[in-house]
Amino acid sequence: MIRRILPSLAALALVACAGAPRKPTPAPVPPPSAAEVPPAPAPQRDLTAARAEFVRTTAERFGIAPAEIEAVLARAQIREPIIKAMSRPAEAKPWRDYRPIFIQPARIDGGRAFLEANRAALQRAEDTYGVPKELVTAILGVETSYGGNKGSWPVLDALYTLAFAYPRSGDPARMAYEDKREAFFRDELAQLFALGKEEGFDITALKGSYAGAMGWGQFMPSSYRQYAVDGDGDGKRDLFDDLDDVIASVANYFARKGSWQRGGPVMERAVRDAGAADFANPGNAVTLDQSLAGLQALGYRAADPAAVLHLDGGQPVTLITLEGVDGPEYWIVYNNFKAITTYNISRLYATAVYQLSQAIAGRGVDGA
């Protein structure tokens, strides 16, 4: 079992507060007209019925006594900072601002140190699952700074908050999306109860991210249950402290959930011919509905033709556009890029993971 724990790379921030001097009482002002009165805040939702349904369905799905579920939920809290954090994800930034968060010297150096310290386990995982050791390392670097910041939120509170108080924008166009996200976190809360039963965890003591992800690789409860593996044969699946299990589990996730193709390409910088029409590919989900030949016919081709000479011109690909420092960046992406998005659907996230992995391995990213 590997027990090498690298020093934390997370920076510590200090926040100072000072009381402001009292100001004179302002002169009274006329009340606003009816047209100027802001709308009353939306009433708090009554969670009684929703909680009762959650208890009933979770008990039936996983064979857990309803009273046990009720007792745990009685200790859960809705946390306002979690709602605020979920309302402003980093993925809302353009690529030019997102990239420096992860592709920077400390994270690259930390990745190289982690890879060297854990080379044997990483190589075993690569041999078994086909996922490059530098990619597994990059995931741990992006997710937790190589274990330095695994999250300090009670996982129970995080999932309870997002399951029953997911932030609402008030935009009717986003209502279906927000309903879907709340349902996702409600299922993850149920999965947390199942995980506790299966692994013998006290789920009230688990700590993780504000989204309820846990351990070095930040697995959600459903992913922990489905893709965590025992990497050292000790009979446990420990993604909090056992790096053999952590490394093997991340590689297993990509092999099984992402259908990772051993030795396959991830992404290539593309150039756009003058006069080529904009390539419409909105959203984050990656749909591989093009081919290299098809993209070339549309006016988009690999910036380095030699990089794609050995590839099947008919294999499924697509094109993504990122907002770079010097303007739009065009990238041809393959199945293995889509595999990274199964970890986090954001195209920015997948690009950052890949580029960090290449920097850790000492390979430059062409055109980045």
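Mind checking which residues of region 295-306 are out of contact with any helix residue (DSSP H, G or I) (no Cβ under 8 Å at 6 or more places or on another chain), open to solvent by less than 20 Å² (accessible area, probe 1.4 Å) and aliphatic (A, V, I, L, M)? Spell out the reasoning first.
Step one: filter region 295-306 for residues out of contact with any helix residue (DSSP H, G or I) (no Cβ under 8 Å at 6 or more places or on another chain), giving 295-300, 303-306.
Restricting the remaining residues to those that are open to solvent by less than 20 Å² (accessible area, probe 1.4 Å) gives 295, 299-300.
Within region 295-306, just 295 meets the criteria.
Tell me the residue from 76, 85 that is in contact (Cβ under 8 Å) with a residue 24 or more places away in the chain, outside any helix (DSSP H, G or I) and open to solvent by less than 70 Å² (accessible area, probe 1.4 Å), please. Give the steps one after another, and end with the answer.
Details: 85 fails: outside any helix (DSSP H, G or I).
None of the other options fit; the residue is 76.
Of everything in region 307-343, what is open to solvent by 10 Å² or more (accessible area, probe 1.4 Å), polar (S, T, N, Q) and without any contact (Cβ under 8 Å) to a residue 40 or more places away in the chain? Give them in sequence order.
Scanning region 307-343 gives a single hit, 315.
Looking at (1) of a type in the set (Ser, Thr, Tyr); (2) surrounded by 15 or more Cβ atoms within 10 Å (Cβ to Cβ); (3) not in a helix (DSSP H, G or I), which is the only condition residue 249 fails?
(3)
Within region 94-163, considering only helices (runs of 4 or more DSSP H) that don't extend past its boundaries, which have at least 2 residues that are within 30 Å of residue 75 (Cα to Cα)?
Numbers: elements: 95-102, 105-117, 119-129, 133-144.
Passing ranges, in order: 133-144.
Please identify the pairs in which a residue from region 208-232 that is under 15 Å from residue 129 (Cβ atoms) has its Cβ atom under 7 Å from the Cβ atom of a residue that is open to solvent by 20 Å² or more (accessible area, probe 1.4 Å), counting only partners at least 6 apart or on another chain.
217/143; 227/256; 227/257; 228/237; 229/237; 230/236; 230/237
Being surrounded by fewer than 21 Cβ atoms within 10 Å (Cβ to Cβ), out of contact with any Ser or Thr (no Cβ under 9 Å at 6 or more places or on another chain) and not hydroxyl-bearing (Ser, Thr, Tyr) is the filter here, so list the residues in region 143-173 that pass it.
157, 164, 165, 168, 170, 171, 172, 173 - these are the residues of region 143-173 that are surrounded by fewer than 21 Cβ atoms within 10 Å (Cβ to Cβ), out of contact with any Ser or Thr (no Cβ under 9 Å at 6 or more places or on another chain) and not hydroxyl-bearing (Ser, Thr, Tyr).
Quick check on this structure: which one of 137, 128 is open to solvent by 10 Å² or more (accessible area, probe 1.4 Å) and touching a helix residue (DSSP H, G or I) at 6+ places or on another chain (Cβ under 9 Å)?
Values: 137 fails: open to solvent by 10 Å² or more (accessible area, probe 1.4 Å).
Just a single option satisfies the conditions, and that option is 128.
When you look at residue 234, is it of a type in the set (Asp, Glu) and in a loop (DSSP other than H, G, I, E, B), yes or no? Step through it out loud before you land on a result.
Working: of a type in the set (Asp, Glu): yes; in a loop (DSSP other than H, G, I, E, B): yes.
Yes, satisfied.
Condition first: closer than 13 Å to residue 188 by Cα and of a type outside the set (S, T, N, Q). Now tell me which residues in region 211-239 satisfy that.
Here is the first cut: in region 211-239, the residues closer than 13 Å to residue 188 by Cα are 211-214, 219-226.
Passing the criteria: 211, 212, 213, 214, 219, 220, 221, 224, 225.
Give just the number: which of (1) surrounded by fewer than 17 Cβ atoms within 10 Å (Cβ to Cβ); (2) farther than 28 Å from residue 104 by Cβ; (3) of a type outside the set (A, V, I, L, M) does residue 363 not satisfy?
With (1) surrounded by fewer than 17 Cβ atoms within 10 Å (Cβ to Cβ); (2) farther than 28 Å from residue 104 by Cβ; (3) of a type outside the set (A, V, I, L, M) applied to residue 363, the lone miss is (2).
One line per residue, one yes/no per condition, for (1) of a type in the set (Val, Ile, Thr); (2) under 26 Å from residue 116 (Cβ atoms):
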position	(1), (2)
268	no, no
280	no, no
290	no, no
309	no, no
323	no, no
336	no, yes
340	yes, yes
354	no, yes
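The values are calculated or read from the model by the stated rules, or taken from the named source; none is laboratory data. Please read all numbers here as calculations on a predicted model, not as lab measurements. When we count neighbours, we look across all protein chains shown, and the Cβ atoms used for this are built from the backbone with ideal geometry, even at glycine. Each accessible area value is taken on the protein alone, full model and side chains, heavy atoms only, with ligands, DNA and RNA left out. Shrake-Rupley method; radii C 1.70, N 1.55, O 1.52, S 1.80 Å.
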